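J.: Here you go, one structure.
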Amino acid sequence: MRLLLAEDEKELVDALVVILKHNHYSVDSIDNSEDALYYLENQDYDGAILDIMMPDIYGRSNMN
């Protein structure tokens, strides 16, 4: 299963990638929402894990 992980906290990304790969997932990690959107539109993923607190592609907080 191929997953996209979009998270901007490096320590969390590192931990999640280790856990997911240990459980036989293929993982691409992205640290910004603009790249995440591009990858989701142009690659074939079975699922995505998205940080809902990352700023959107225009730099605004998602909590506005």
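J.: Under 8 Å by Cβ, and 6 or more places apart or on different chains, what pairs join a residue from the range 6-20 that is without any contact (Cβ under 8 Å) to a residue 24 or more places away in the chain with one that is open to solvent by 30 Å² or more (accessible area, probe 1.4 Å) and not hydroxyl-bearing (Ser, Thr, Tyr)?
T.: Lys10/Asp31; Val13/Asp31
J.: What's the total number of residues in the range 17-64 that are on the phi > 0 side of the Ramachandran plot and at pLDDT below 90?
T.: 1
J.: Provide a single number: the residues in the range 1-13 that are in a loop (DSSP other than H, G, I, E, B) and open to solvent by less than 60 Å² (accessible area, probe 1.4 Å).
T.: Filtering the range 1-13 down to residues in a loop (DSSP other than H, G, I, E, B) leaves 1, 7-9.
With the extra rule that they be open to solvent by less than 60 Å² (accessible area, probe 1.4 Å), the set shrinks to 7.
Result for the range 1-13: 1.
J.: Taking into account only those residues within the range 14-56 that are assigned to a loop (DSSP other than H, G, I, E, B) and polar (S, T, N, Q), which is farthest from Arg2 (Cα to Cα)?
T.: Asn32
The values are calculated or read from the model by the stated rules, or taken from the named source; none is laboratory data. Since the model is a prediction, treat every value here as computed from it, not as a measurement. Ideal geometry is used to build each Cβ from the backbone, glycine not excepted, and the neighbour counts take in all protein chains shown. The area values use the complete protein model at the heavy-atom level, side chains included, leaving out ligands, DNA and RNA. Shrake-Rupley method; radii C 1.70, N 1.55, O 1.52, S 1.80 Å.
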